[in-house]
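**Q** Take this structure first; my questions come after.
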Amino acid sequence: EKVSLDTEFFPNMETSWGTLRPFAFRSERGIIIPSVLAEPKGQAPSGVVIRVHPDGKVFTVGSRATENLVKAGAAVLAVDLRGTGETAGHVPSETSPQEGFILNRSIFLGRHISMMRAWDIKAAVRCIGSVKGYEKLPVALWGDGPAAMWALFAFALERRIRRLVAGDLLLTFRSSQGFAQDDSVFPPGILEGADVADILAASADRGVLLVRGRLSSGAVAKKREVREALAPAFNAAEILGTEVPRIASGGFEETGKAIERFLLSS
């Protein structure tokens with residue numbers, strides 16, 4: 001159910017590299033999403049990157065990547081999706097008891113937590129589009145770890161998101177040997193509708209950068225394994241004549257620069 005965002009901004013905080021604008025908005029009835037918008041100083045932003053992480057907005061605000069993106073002219077929106085950051089009661093991890101409780105309760109309610117967090121991301125897109133000066137800016141999305149899957153679901157559902165960076169994304173929901181990944185990335189019955197490659201293929205008209213794709217064992221996949229697992233997505237892009245999914249490679253610094261270039265090109 002779409003509800004009024006009821007966005008409320010709080011006093012700004014200045015840093016050496018940008019302005020931080022804390023605020024909160026309503027994702028749905030009873031769900032408040034604490035957020036921080038990092039903006040470049042002295043200029044209008046060229047676009048906005050929404051970043052989601054299992055540890056919430058504190059991870060994003062404190063990262064060098066955020067500083068670099070803002071210095072380059074982009075705004076970065078960091079959000080605490082439900083059950084993360086401030087809304088978790090403590091800083092959660094992928095295996096925290098709090099996350100297990102949230103997951104089990106969401107299944108009991110018939111609304112899996114991964115899809116509820118995807119809804120929060122959709123609401124964040126709607127929220128940033130309601131902020132003066134952001135109405136027509138291009139929107140990109142960046143998720144890491146379990147948040148890469150939440151971001152993928154939101155990317156498929158929200159066409160205003162033009163680019164997606166997915167870090168440590170599980171490449172398939174199929175495995176005969178179990179999974180090393182967190183349970184929050186597996187909506188019940190997902191394979192009745194689509195695998196990861198099918199979800200990406202449905203969004204083949206928009207840009208995707210894959211960083212450290214993961215096998216079900218948790219191991220980092222080789223480029224060849226990524227292309228094999230996600231073949232429908234690559235094929236769909238080639239048929240449409242659109243940008244095929246990119247695969248980041250190299251060390252930490254090289255990968256970081258590739259992510260920044262990709263996001264700033266949106």
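Coordinate-derived values only; no laboratory data. Keep in mind it's a predicted model, so treat the numbers as computed, not measured. Glycine also receives a Cβ, built like all others from the backbone with ideal geometry; neighbour counts cover every protein chain displayed.
**Q** So, with +1 on the Cβ of K and R and -1 on the Cβ of D and E, and no other charges, what is the size of the charge dipole of the stretch 198-266 about its Cα centre, to the nearest 20 debye?
**A** Roughly 200 debye, rounded to the nearest 20.
**Q** Still on this structure, I have one more. Tell me, VAL79, VAL58 in order of fewest to most beta-carbon neighbours within 10 Å?
**A** VAL58, VAL79
**Q** How do LEU240, LEU141 line up, fewest other C-beta atoms within 10 Å first?
**A** Least to most surrounded, the residues fall as LEU240, LEU141.
**Q** Would you kindly calculate the mean projected area, averaged across all directions, of the convex hull enclosing the Cα atoms of the chain, in square nanometres?
**A** If you wrap the Cα atoms of the chain in a convex hull and average its projections, you get 14.0 nm².
**Q** Give me log10 I(q)/I(0) at q = 0.13, 0.15, 0.26 Å⁻¹ for the stretch 180-229, Debye formula, one equal scatterer per alpha-carbon, no solvent.
**A** Reported log10 I(q)/I(0), two decimals: -0.36, -0.49, -1.25.
**Q** Kindly provide the Kirkwood hydrodynamic radius of the stretch 144-252 in Å, to one decimal, from all pairs of distinct alpha carbon atoms.
**A** After inverting the pairwise mean of 1/r, the radius is 13.9 Å.
**Q** How are the C-alpha pair distances of the stretch 122-205 spread across 5 Å bins, as whole percents from the shortest bin up?
**A** Pair shares across the bins are 3, 13, 24, 22, 17, 10, 6, 3, 1, 0, 0.
**Q** Which of the lysines could a cross-linker bridge to LYS71, judged by Cα under 27 Å and excluding same-chain residues fewer than eight apart?
**A** Partners within reach: LYS41, LYS57, LYS122, LYS132, LYS136, LYS257.
**Q** In whole angstrom, and with the biggest value first, how far do the Cα coordinates of the stretch 195-259 range along each principal axis?
**A** For the stretch 195-259, the Cα spread along each principal axis is 32, 28, 16 Å.
**Q** Sort out for me the Cα centre separation of the stretch 141-219 from the stretch 1-67, rounded to whole Å.
**A** 23 Å
**Q** Let me ask another. For Cα pairs less than 8 Å apart in space and 6+ apart in sequence, what is the mean separation divided by the residue count of the chain, i.e. the relative contact order in percent?
**A** RCO, the chain: 15 percent.
**Q** Under unit Cβ charges (Lys, Arg +1; Asp, Glu -1), what dipole magnitude, rounded to 20 debye, does the stretch 151-266 have relative to its Cα centre?
**A** 340 debye
**Q** Placing +1 at every Lys and Arg Cβ and -1 at every Asp and Glu Cβ, with all other atoms neutral, what dipole size does the chain have around its Cα centre, in debye to the nearest 20?
**A** Approximately 540 debye in magnitude.
**Q** Which ordering of VAL36, VAL49, VAL61 is given by a fewest-first count of other beta-carbon atoms within 10 Å?
**A** VAL61, VAL36, VAL49
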